[in-house]
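Every number here is computed from the coordinates shown, using simple stated rules; none is lab data. Just so we're clear, the structure is a prediction, and the values are computed from it rather than from any experiment. Neighbour counts run over all protein chains shown; Cβ positions are idealised from the backbone, glycine included.
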Amino acid sequence: MICGSMFSGKTEELIRRLKRVKIANLKVEIFKPAIDVRYDETKIVSHDENAILSTPIDNSQTILLLAQDVDVVGIDEAQFFDAEICNVCEQLALRGTRVIVAGLDMDFMGKPFGQMPNLLATADYITKLHAICMDCGSIAHYSYRKGASQNQVLLGEKDEYKPLCRKHYFERMAK
């Protein structure tokens with residue numbers, strides 16, 4: 001598991017790990033939620049514009065169908081997947097497939113996001129990444145939403161979100 005706030009480098013780290021898998025000539029399949037078309041419809045793309053080809057899917061069960069006979073499965077933006085994503089990852093791991101998952105651990109309200117708590121609880125290894133607070137330069141744990149939308153899912157980039165440390169996040173949320 002690779003988790004953290006927006007702009008912490010989760011996708012960058014996922015891409016780095018998956019490129020190393022490809023260098024090792026292991027068979028890999030990479031998936032992302034079909035709703036994530038911010039940068040590209042079929043590629044996983046980091047904010048730094050590093051990219052790797054992936055398969056966009058609407059349902060986590062599809063991963064089991066498309067990831068037959070592979071050594072490694074990569075999954076980006078896991079917080080957007082349905083409740084079956086945990087079972088899918090477990091089934092893959094039981095097959096002997098290495099599963100590398102990245103996603104936001106908290107939503108813009110600072111609450112656990114989607115199935116991420118369950119994925120984190122069952123993960124063998126967890127890497128938590130941090131962004132830099134745009135107000136003070138400290139380590140940022142939170143994805144602060146600039147706009148007024150209260151929808152949990154709002155795809156966006158720097159126009160919609162900014163990383164903040166605990167102090168500045170809670171100061172802004174209190175306003």
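Computed from Cα atoms, the angle from the helix 10-23 axis to the main principal axis of the chain rounds to 20 degrees.
Take the Cα of Asp82, step 7 Å toward its Cβ, do the same at Tyr125, and the gap between the two points is 3.1 nm.
Among the listed pairs Lys146/Lys167; Lys10/Lys43; Lys32/Lys111; Lys128/Lys175, give every one whose C-alpha distance is greater than 19 Å. Intermediate results must be reported in sequence, preceding the final value.
Details: Lys146/Lys167 16 Å; Lys10/Lys43 15 Å; Lys32/Lys111 22 Å; Lys128/Lys175 28 Å.
Beyond 19 Å: Lys32/Lys111; Lys128/Lys175.
DSSP beta bridges fully contained in the chain are about 35 percent antiparallel. In terms of its alpha-carbon gyration tensor, the range 20-102 comes out oblate; a/c meets the 1.5 threshold, while b/c is at least as large as a/b.
A full extension of the chain between Ile35 and Glu171 corresponds to an added length of 45.8 nm, given 0.36 nm per residue minus the alpha carbon distance. From the list [x] 22.7, 84; [y] 16.0, 52; [z] 20.1, 71, can you say which value of Rg and Dmax of the Cα atoms in Å was derived from the structure given? Correct label is [y].
So what is the 222 nm mean residue ellipticity for the chain from helices alone, if each DSSP H run of at least 4 adds -39500 (n - 2.57) and you divide by all residues, rounding to the nearest 500 deg cm²/dmol?
That comes out to -7500 deg cm²/dmol.
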